[in-house]
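First the structure, in the form of structure tokens, and then the observations on it.
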Amino acid sequence: MRPLDLLYVDDDPDMHELADIALSLDPQISVTFAASGEEALSILERFHPDGVLLDVVMPGLDGPAVLERMRQIPGHEETPVVFVTGHTHAVTLQELRAMGGKGAVTKPFDPKFLAKNVRMFLGAG
């Protein structure tokens, strides 16, 4: 498996902690965290991760708005995004894929499978 640099964007610090634990189970994944859409966009000005895990519902800029603005940052026109959402309705998941997401991980996620699922969505298995 190839090494992956990820950006995880979520306004919930507990989700940061859980994702950090879950993704550290794969020693070839390194993660940078952002607590808001605005912070994520600032980070993306100087960081080019292999993929972005992006919470859908956040105050201020939500996940879809972050994705839209992210696509305007040079070098991020095609950066893969995996949405993280508490919404599990099939229509919502289809809408997220239609927006350009490679997939969606539902919260709460099983920590044992997060890294594997992210690799699958990013085609980095």
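Worth a mention:
- Contour excess over end-to-end distance, with Cα ends at E38 and D62 and 0.36 nm allotted per residue: 7.7 nm
- Helical content alone sets the calculated 222 nm signal of the chain at -10000 deg cm²/dmol, taking -39,500 (n - 2.57) per DSSP H segment of four or more residues and averaging over every residue.
- Here is the list for region 4-95: trypsin sites (Lys or Arg not before Pro) lying in DSSP coil, each with at most 10 other C-beta atoms within 10 angstrom of its C-beta, are R46.
- Applying the criteria of a DSSP loop state and at most 15 other Cβ atoms within 10 Å to the GluC sites (Glu not before Pro) of region 1-108 yields E45, E77, E78.
- Among the chymotrypsin sites (Phe, Trp or Tyr not before Pro) in region 18-96, those located in a DSSP loop and surrounded by at most 16 other Cβ atoms within 10 Å of their own Cβ are F47.
- Neighbourhood charge, 15 Å Cβ-Cβ cut-off, centred on L25 and excluding it, Lys, Arg +1 and Asp, Glu -1: -1
- Listed values for region 11-19 are Karplus-derived 3J(HN,Hα) couplings in whole Hz (6.51 cos²θ - 1.76 cosθ + 1.60, θ = phi - 60°), namely 7, 9, x, 5, 5, 4, 4, 5, 5, and x replaces Gly and Pro.
- Rh (Kirkwood; distinct C-alpha pairs) - region 4-122, Å: 13.9
- The residues neighbouring I73, those whose beta-carbon lies less than 15 Å from its own, together hold a net charge of -3 under the Lys/Arg +1, Asp/Glu -1 convention.
- A simple count of charges around A124, restricted to other residues whose Cβ falls under 15 Å of its Cβ and scoring Lys, Arg +1 and Asp, Glu -1, yields 0.
Every read-out reported here was derived from the displayed coordinates using simple, explicitly stated rules and does not represent laboratory data. Computed from a predicted structure; not experimentally measured. A quick note on method: Cβ atoms are made from the backbone with ideal geometry, for glycine too, and the neighbour counts reach across all protein chains shown.
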